[in-house]
Amino acid sequence: MKKVKAIFLIFILTAVHMEAQHYIGLHKDDIMAFMKTEKKNFRINNTNTNKTYKYLKYEDNISEQTMLFFLDDRDECTYARLMSAYGNYPDIVEALDSLYSKADNSSWTYIQDDDKYIIRLEKGEWFFTINYKKDKN
């Protein structure tokens, strides 16, 4: 059982770390290539279209997670979101605590290439959401 939990924690650490560090600023094609080769457990979901937002949606049925990558007019990621079932909550919060600087009870920050990024956790009734954005200040 410990080995399974360790493997799952590594998966969560990778998922949490990769979303913020490697997606914001990337072109849609690069995100799709990365997801295809490095996140094989996630599948793109093109069943719904939204005329207000341009985004890529990936789902993972194993750990009940959804990843959204919001794109600008140049198809570059400006915002990333991970939605997850509460069963993953302790591992994801542990991963965020270990990878980033805690700003308060529900947010973390990090700096990459002289840009500051903010990670916010929002609790919902059935799932929780992790939002990744570049700080505009």
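Structure above, values below:
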quantity	calculated
The range 120-137 residues that are over 13 Å from residue 68 (Cβ atoms), paired with ones that are of a type in the set (A, V, I, L, M) and outside any strand (DSSP E or B) (beta carbon under 7 Å, 6 or more apart)	134/24
Some residue of the range 75-83 being touching a Gly at 6+ places or on another chain (Cβ under 7 Å) and in contact (Cβ under 8 Å) with a residue 24 or more places away in the chain	yes
Hits in the range 46-71 (condition: in contact (Cβ under 8 Å) with a residue 24 or more places away in the chain, under 19 Å from residue 23 (Cβ atoms) and assigned to a loop (DSSP other than H, G, I, E, B))	63
Residue 89 vs. criteria modelled with pLDDT of 95 or more and either assigned to a helix (DSSP H, G or I) or over 16 Å from the mean Cα position of the chain (by Cα) (or both)	yes
Selected residue (criterion: modelled with the highest pLDDT) from residues of the range 92-127 that are assigned to a strand (DSSP E or B) and of a type in the set (Asp, Glu)	122
Subset of the range 101-118 [touching a residue at least 24 places away in the same chain (Cβ under 8 Å) and either closer than 13 Å to residue 129 by Cα or not β-branched (Val, Ile, Thr) (or both)]	110, 112, 117
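The values are calculated or read from the model by the stated rules, or taken from the named source; none is laboratory data. In this text, all values refer to a predicted model and were calculated from it rather than measured experimentally. Heads up, the Cβs are rebuilt from the backbone with ideal geometry, glycines too, and the neighbour counts pull from every protein chain shown.
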